[in-house]
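These notes concern the structure reproduced below.
Just so it is clear, none of the values below were taken in a lab; they were calculated from the coordinates. These numbers come from a predicted model, not from an experiment. Reconstructed Cβ throughout: ideal geometry from the backbone, glycine too, with neighbour counts over all protein chains shown.
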Amino acid sequence: MENETFCSRSREDTYNFASRMAQSAKPGDIICLTGGLGSGKTVFAKGFAAGLGVAREVVSPTFTMLIEYPIGRMPGKADEPYRVAAPGGIDETGSMDAPGSMAGPGSMAAPGRVAGRPPEAAAAQRFPLYHFDVYRLGERPNDSAAVLRFEDIGGVEYLFGDGVCLIEWAEIIGPAIPEGALWVEIKRCAGDDNEREIAVRRE
Ligand SMILES: Nc1ncnc2c1ncn2[C@@H]1O[C@H](COP(=O)(O)OP(=O)(O)OP(=O)(O)O)[C@@H](O)[C@H]1O
Ligand SMILES: [Mg+2]
């Protein structure tokens, strides 16, 4: 599913497109989501997570910057994803004080398999999903201050980690994204509130 353009006519179209794309995802993949406010990046992320087999509800990480969905389910925490935010990193108002550091990939989890309903998706989730939203890190595409902040709080470690990274507003930290990432641009289409053009390319 590389270098293709898809016309989505509904939220469900976008969700299903992303879910299909996830079926061929491998550890180490980096999916960069771009597109304006409300274009559908989080909808895409939810569909992608479902396609991977993430059992928990996927929510927007805007205020936490990173939510880690470990492999399978968490004991006793079936509905709670991990929020891996830097303490003192970004607060709810979006301002950033002295950045802390993120825990590092996998450090929150000792997941194991837990009895329960298997994920709806065809594939059982075999690797963690790291869902980022770096909107609050910077001001513009390729923002060097944002790249420094991302590095300072340990973001790069996840990019070279053992899971799949999905990054909303990835263009803000453009120079931090390794070559070979998949860029997914979601654009609103004029005239129809529910139509989006989704362009996928490897860079
Ligand atoms: N074809 C479509 N694809 C995706 N979402 C759509 C589509 N048509 C309408 N929508 C609606 O657009 C909104 C997209 O919201 P979403 O949170 O995914 O955007 P976002 O790009 O993540 O925004 P933000 O940058 O604020 O995080 C949802 O309310 C969704 O129902
Ligand atoms: Mg979003």
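For segment 122-198, averaging the sequence separation of C-alpha pairs within contact (under 8 Å, six or more residues apart) and dividing by the residue count gives a relative contact order of 33 percent. Based on alpha-carbon centroids, what's the gap between segment 130-154 and segment 1-27 in Å, whole number please? Measuring centre to centre over Cα atoms gives 25 Å. Inter-label distance, Asn16 to Leu148: 4.7 nm, where each label sits 7 Å from its Cα along the C-beta direction.
Taking 7 Å steps out from each Cα toward its Cβ at Glu57 and Val156 produces label points 3.7 nm apart.
Relative protection proxy for 124-131, 180-187, from highest mean packing down: 124-131, 180-187 (other beta-carbon atoms within 10 angstrom).
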